[in-house]
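The values are calculated or read from the model by the stated rules, or taken from the named source; none is laboratory data. Keep in mind that what you see is a predicted model, and the values were worked out from it rather than measured. Glycine also receives a Cβ, built like all others from the backbone with ideal geometry; neighbour counts cover every protein chain displayed. These area figures cover heavy atoms from the full protein model, side chains too; ligands, DNA and RNA do not enter into them. Shrake-Rupley method; radii C 1.70, N 1.55, O 1.52, S 1.80 Å.
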Amino acid sequence: MLRVAVVGSGPAGIYAAESLVAHGPAQVDVYDRVPCPYGLVRYGVAPDHEKIRSISASLAKVFDSPDVRFLGNVEVGTDITLEELGARYDAVLVSSGSSAGRGLGIPGDGLPGSFTATELVSWYCGHPDTRIDAFTDTARHVVVVGMGNVAVDVARILLRPADELARTDVPPHVLDVLRASPIESVSLVGRRGPAEARWTTKELKELGSLTGVDVVVEPAELAVDAAGEQRLAAEPGARRNLDVVREWAQRPRAGASRTLRVRFLQRPVRVLGTERVAGVELERCVLDGHGGATGTGETERVEAGMVVASVGYRGVAVPGLPFDERSGTIPHERGRVVDAAGEPVPGVYVAGWIKRGPSGVIGTNKHDAHETVATLLEDAAAGRLPQPGGTGDALELLASRGVHVVTWSGWRAIEQAELALGESLGRGRTKIVGRDDLVAAALRAAGA
Ligand SMILES: Cc1cc2nc3c(=O)[nH]c(=O)nc-3n(C[C@H](O)[C@H](O)[C@H](O)COP(=O)(O)OP(=O)(O)OC[C@H]3O[C@@H](n4cnc5c(N)ncnc54)[C@H](O)[C@@H]3O)c2cc1C
């Protein structure tokens, strides 16, 4: 019986657990630092994308197996070390995702009112580690820097009528802020042209059809160069995206109360303001013919009370494991962690975003996790796993440290508590945010 500790209950960790027990016999403990499972499916995918969020129902089935346990509210590296896990399991599979956001790295970045998309997304998704008062006073004008789906999510959540979001599970404090929001405009800003944008057509069209929102695109900013033409010819999705923004550029304004501006060929060079964000200085760019863009020195100032950098997610180093600072990932060979010399770190594996960086859709992690599990099983069959030397269940160790582990039945109790919260507010299921409240809901069910 192979005993494996999986670190992270996002899609990658759960797909890995599923694959391990399918190849059985194996016992898998899936740890997570938050009391709730599913990683970015719960704390990243936008609340109004219910269909995608419903993937959690199929992920949940993995925990029906008596050989898979959920152990939430346990931070590996803090509550228990990697070495302590290694001493108690045959292998440790790290699938801790990419939880840090990248900032703009320009003067003024960091002023109150400037955020990473990670911070904003964590707030509206009700992540327990986000201060609930992080966004009490939203601005009238917001600049979102980035041209990917996360930037589109952020713009949509800020612009969408709050009553429509009341039908989702957004936490009450988020709904209150969005209801009172004075937002008049959101500008989506990108350095390159429309052929280089990384969003998907479905999400883009949804953004352009929000109730009460005018969309403004400057036709002069829709430039496509030779590299762009090549991309458009090779990627039908990029062509469809261009058609969408071209149509937006033709749209007459309807006098709506909110405006979405999409600004291509604009590079933020400075966040303006002294006490807090007052605007952004943008530099006009031109395409360089090779898929990049260069600044022209011509600048303009855009008024904004809030700036959101949606320029990528980044993995965080796991104490005791090698880490590639440049890519924000753990170096590996088909999922087997390797050190700087390329030598395997015995018994340690990686899957998901911490393995390959923040790219792909949820399903991409399935294939990725399968590759890692195949490598792990290959090593097990070849006798390459170290012998676990420690005794006792990790749960005993955690209990001795006073860690309140949230098990699967505890998570089911949290779900019931979220339904009850929603009912008390006249809404559907509504997220509970505070870590203590989540743990209390889980422990109440356990009769603790
Ligand atoms: C804002 C946003 C929106 C997205 N929307 C979509 C979408 O609509 N459709 C789509 O297909 N994909 C979407 N994605 C991508 C999708 O969410 C990812 O592909 C997927 O979640 C990555 O899976 P993962 O398991 O590698 O990481 P994650 O989902 O991040 O899971 C990692 C888990 O590890 C846990 N963890 C981290 N460190 C530790 C530790 N030290 N100890 C214990 N646990 C730890 C975390 O709490 C987390 O639960 C979105 C991503 C983002 C950022």
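When you go through Glu300, Glu229 one by one, which is the residue that is surrounded by fewer than 13 Cβ atoms within 10 Å (Cβ to Cβ) and either of a type outside the set (Asp, Glu) or not in a strand (DSSP E or B) (or both)? It is Glu229. Can you pull out the residues in the range 48-100 that are among the hydroxyl-bearing types (Ser, Thr, Tyr) and in a loop (DSSP other than H, G, I, E, B)? Listed by number, the residues that qualify are Ser54, Ser65, Thr78, Thr81, Tyr89, Ser95, Ser96, Ser98, Ser99.
Condition check for Gly72 on (1) outside the structural domain of Arg198 (by TED's automatic domain parsing); (2) over 30 Å from Pro346 (Cα atoms): one failure, at (2). Can you find even one residue in the range 209-223 that is under 22 Å from Gly360 (Cα atoms) and assigned by TED's automatic domain parsing to the domain that holds Ala134? No, the conditions are met nowhere in the range 209-223. The set of residues from the range 232-258 being more than 26 Å from the chain's Cα centre (by Cα), open to solvent by less than 40 Å² (accessible area, probe 1.4 Å) and under 18 Å from Met147 (Cα atoms) comprises Leu232, Trp248, Ala249. Scanning the range 407-448 for residues that are of a type in the set (S, T, N, Q) and either open to solvent by less than 20 Å² (accessible area, probe 1.4 Å) or more than 16 Å from Asp32 (Cβ to Cβ) (or both), we see that the one that is farthest from the chain's Cα centre (by Cα) is Ser424. For the range 209-223, the candidate set comprises residues that are hydrophobic (A, V, I, L, M, F, W, C) and out of contact with any helix residue (DSSP H, G or I) (no Cβ under 7 Å at 6 or more places or on another chain); within that set, the residue that is surrounded by the most Cβ atoms within 10 Å (Cβ to Cβ) is Ala223. For the range 26-39, a residue qualifies if it is in contact with a strand residue (DSSP E or B) (Cβ under 9 Å, 6 or more places away or on another chain) and either near the ligand (Cβ under 8 Å from one of its atoms) or open to solvent by less than 30 Å² (accessible area, probe 1.4 Å) (or both), and the qualifying residues are Ala26, Val28, Asp29, Val30, Tyr31, Asp32, Arg33, Val34, Pro35, Cys36, Pro37. Selection of the range 36-84 for residues being under 30 Å from Leu159 (Cβ atoms), among the hydroxyl-bearing types (Ser, Thr, Tyr) and touching a residue at least 60 places away in the same chain (Cβ under 8 Å) yields only Tyr43.
Could you please give the count of residues in the range 323-360 that are open to solvent by 30 Å² or more (accessible area, probe 1.4 Å) and more than 9 Å from the ligand (Cβ to nearest atom)? Counting residues in the range 323-360 that are open to solvent by 30 Å² or more (accessible area, probe 1.4 Å) and more than 9 Å from the ligand (Cβ to nearest atom) gives 17.
Among the residues of the range 59-79, the ones that are within 9 Å of the ligand (Cβ to nearest atom) and of a type in the set (Val, Ile, Thr) come to 3 in all. Every test in (1) more than 13 Å from the ligand (Cβ to nearest atom); (2) modelled with pLDDT under 95 is passed by Ala91 save one, and that test is (2).
Of all residues assigned to the range 372-391, at least one qualifies as being touching a Phe, Trp or Tyr at 6+ places or on another chain (Cβ under 8 Å), within 12 Å of the ligand (Cβ to nearest atom), at pLDDT 95 or above and open to solvent by less than 60 Å² (accessible area, probe 1.4 Å). Just the residues that are part of a helix (DSSP H, G or I) and more than 17 Å from Ala304 (Cβ to Cβ), please, taken from the range 142-156. The answer is Asn149, Val150, Val152, Asp153, Arg156. The requirement of being on the phi > 0 side of the Ramachandran plot, more than 13 Å from the ligand (Cβ to nearest atom) and surrounded by fewer than 22 Cβ atoms within 10 Å (Cβ to Cβ) is fulfilled nowhere in the range 134-142; no residue meets it. From the list Gly347, Gly342, the lone residue that is touching a Phe, Trp or Tyr at 6+ places or on another chain (Cβ under 9 Å) and within 25 Å of Leu82 (Cβ to Cβ) is Gly347.
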